[in-house]
Amino acid sequence: VQLVESGGGLVQAGESLTLSCAASGRTSRAYAMAWFRQAPGKQREFVAGIGWTGVNTEYADSVKGRFTISRDIEKSVTYLQMDSLKVEDTAVYYCAADWKAWQPTSVHEEYEYWGQGTQVTVSS
């Protein structure tokens with residue numbers, strides 16, 4: 001399974017961005033997806049996760065109410081809509097797939113497949 005993120009960029013605080021994660025390869029089985037991020041000098045942190053059906057979602061407290069995760073199962077694409085961006089949202093964003101589970105977890109060690117990351121920079 002290969003994951004490819006896109007949609008990162010440079011925006012000003014308060015603006016929006018939408019990240020996409022396209023999965024290819026053996027994507028016919030059910031799996032959970034998530035977005036993580038890592039800022040310079042900080043550990044990788046969970047941002048949002050979504051179950052196979054798209055009904056169950058989880059968010060980090062820092063992004064609740066501002067970010068929305070969704071997925072298009074037929075296209076094997078997972079999205080992260082980011083609104084009201086803050087300077088502290090600046091990081092490399094990674095999508096990840098948990099092949100073992102239908103529901104998302106915030107534990108990054110549970111995810112077997114990772115994308116290469118996309119940079120999101122929010123200026124003040």
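The values are calculated or read from the model by the stated rules, or taken from the named source; none is laboratory data. In this text, all values refer to a predicted model and were calculated from it rather than measured experimentally. So basically every Cβ, Gly included, is an ideal-geometry build from the backbone, and we count neighbours across all protein chains shown. The accessibility values were calculated without ligands, DNA or RNA, using every heavy atom of the protein model including side chains. Shrake-Rupley method; radii C 1.70, N 1.55, O 1.52, S 1.80 Å.
About the Cα centre of the chain, what is the dipole size in debye to 20, counting +1 per Lys and Arg Cβ and -1 per Asp and Glu Cβ, all else neutral?
Details: 11 positive and 14 negative charges, 29 e Å.
Computed charge dipole of the chain: roughly 140 debye.
For segment 5-124, the carbon plus sulfur part of the accessible surface works out to 48%, probe radius 1.4 Å.
Remark: the chain carries 51 Å² of accessible area per residue (probe radius 1.4 Å; ligands, DNA and RNA excluded).
Comparing VAL87, THR53, VAL107 along the charge dipole axis of segment 1-120, the residue lying farthest to the positive side is THR53, per the Cβ-charge model.
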